[in-house]
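Step one of this worksheet: look at the structure below.
The values are calculated or read from the model by the stated rules, or taken from the named source; none is laboratory data. Remember, predicted model here, so these are calculated numbers, not experimental data. As a convention, Cβ positions derive from the backbone with ideal geometry for all residues, glycine included, and neighbour counts pool all protein chains shown. The accessibility values were calculated without ligands, DNA or RNA, using every heavy atom of the protein model including side chains. Shrake-Rupley method; radii C 1.70, N 1.55, O 1.52, S 1.80 Å.
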Amino acid sequence: MARLRFATVWLGGCSGCHMSFLDLDEWLFELAQKVDVVFSPVADVKEYPENVDLVLVEGAVANVENEEMLLRVCQRTKTLVALGDCAVTGNVTALRNPLGVALEVLRPVYIEKNDLNACIPDERETVPILLDRVVPIHAVVKVDFFVPGCPPPARVIRATLEALLEGRTPTLEWTERKFG
Ligand code: SF4
């Protein structure tokens, strides 16, 4: 049987969802028997590849770089899973939304409270440009499955992956029955 091409992606999030993924501990060895990890922050791969079967996406869409990456991931991946509350709802990453558009968030920090060389970082190559609103990933691309939690418990990530690897539809009810 062909090995599944598996990826994980880190957008606007704290990496806690990836820490929970790593909490799968020895089950990661079982996973490694079934998949090839073709892209992940825990692997040294620079470019998101073509023909990915399954991706877990952590984090919301907060800047232009997140948006471009997510569109690329969607184009190149068969099954896309929103991993954690930031990806699912915006959560912590979206806390800045009530403060106003990006300029209203940046101005007090980089201009008004800065006496030395006050300027807003906007060089595309060094600092990604903030979007005016942080949005969950389903606002940008089609998401196949949602795994909520901040972060989702490792047992829920495992149940989700096991279901998908076996060709079943993961459900939270099923994951809690098996591992709750
Ligand atoms: S859902 Fe929670 S743990 Fe995951 S990236 Fe967001 S803040 Fe971090």
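Brief remarks follow.
- Judged by the mean number of other Cβ atoms found within 10 Å, the most tightly packed of the peptides 95-101, 139-145 leads the ranking 139-145, 95-101.
- All C-alpha pair distances within the chain, sorted into 5 Å bins from zero, spread as 1, 8, 16, 19, 19, 14, 9, 6, 4, 3, 1, 0, 0 percent across the bins.
- Per-residue ellipticity at 222 nm, computed for the chain from helices alone with -39500 (n - 2.57) per DSSP H run of at least four residues, works out to -9000 deg cm²/dmol.
- Portion, in percent, of the accessible area of segment 32-180 that falls on carbon or sulfur, probe 1.4 Å: 53 percent
- Loop-located trypsin sites (Lys or Arg not before Pro) in segment 2-47, at most 16 other Cβ atoms within 10 Å (DSSP): 3, 46
- FRET efficiency, 1/(1 + (r/R0)^6) with R0 25 Å, evaluated for residue 97 and residue 45 via beta carbons: 0.20
- Candidates 85, 115, 25: whichever shows maximal mean-square fluctuation once the chain is modelled as a Gaussian network with Cα springs under 10 Å: 115
- Probe 1.4 Å, accessible area per residue of the chain, Å²: 56 Å²
- Dipole in debye (nearest 20) - the chain, about Cα centre, beta carbon charges: Lys, Arg +1; Asp, Glu -1: 460 debye
- Segment 62-79 and segment 129-143 have Cα centres spaced 10 Å apart.
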